[in-house]
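Worksheet: the structure to be examined is printed underneath.
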Amino acid sequence: MKKTIILCAICLLAVVTTKAETEIEKEIKKLILDDNAYIAKNLKHKAGAISKKGSLEFWSSGGLLMSMSHDTVIEYDDFNLHPKHIKVIEINATTAVAMYYAEGNVQAKGAENNANYLTRAMQVYVKEGGTWKIRAAHWSPITGGKGTTETASNQ
């Protein structure tokens with residue numbers, strides 16, 4: 001009987017201390033996965049994924065800070081990336097930060113193929129007109145992986 005009570009208490013404690021995902025966390029995770037699937041299918045980013053104020057970004061190529069405009073669309077010859085272990089920090093109702101890993105192969109239009117793309121990503125999202133948009137991003141290669149080769153936008 002004592003063992004049953006202790007086991008029930010441990011299970012109850014585990015349920016109480018487990019934090020459920022918020023709606024914002026679910027929305028951002030879904031957005032990342034949906035955007036990734038869109039790019040894989042269409043070989044380009046969705047138009048309007050970036051904030052109307054633009055996005056400041058450090059790319060995995062190790063280049064300088066990039067300023068991306070709202071209408072930036074990057075195209076690919078090949079894209080087969082997989083976001084993994086997505087974690088979202090909800091800042092408030094209109095701001096969230098996502099951190100995750102991306103791995104696979106990617107080849108921007110006219111660039112060399114990267115069959116060993118393995119990077120950490122951090123993206124800041126803001127809600128504009130009811131839709132989440134990218135406001136800032138930082139991509140950095142993981143040891144053993146390789147970032148992109150692009151150091152500038154073609155916009």
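The values are calculated or read from the model by the stated rules, or taken from the named source; none is laboratory data. Note that the structure is predicted; figures quoted are calculated from it, not measured. Every residue, glycine as well, gets a Cβ built from its backbone with ideal geometry; the counts of neighbours run over all protein chains shown. For accessibility, only protein heavy atoms count, side chains too; no ligands or nucleic acids. Shrake-Rupley method; radii C 1.70, N 1.55, O 1.52, S 1.80 Å.
Cβ-Cβ distances below 8 Å connect the following pairs, each with a first residue in the stretch 21-48 that is open to solvent by 40 Å² or more (accessible area, probe 1.4 Å), a second residue that is of a type in the set (S, T, N, Q), and a separation of six or more residues or different chains: 40/80; 45/72.
Apart from one condition, residue 48 fits all of (1) touching a Lys or Arg at 6+ places or on another chain (Cβ under 8 Å); (2) of a type in the set (Gly, Ala, Ser); (3) in a strand (DSSP E or B); the exception is (3).
Here's the yes/no breakdown for (1) of a type in the set (Asp, Glu); (2) at positive phi:
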residue	(1), (2)
27	yes, no
31	no, no
34	yes, no
40	no, no
44	no, no
48	no, yes
55	no, no
65	no, no
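Restricting the search to strands (runs of 3 or more DSSP E) fully inside the stretch 59-129 and requiring at least 3 residues that are surrounded by fewer than 16 Cβ atoms within 10 Å (Cβ to Cβ) and either under 13 Å from the mean Cα position of the chain (by Cα) or free of Cβ contacts under 8 Å to residues at least 60 places away in the same chain (or both) gives 76-92, 95-108.
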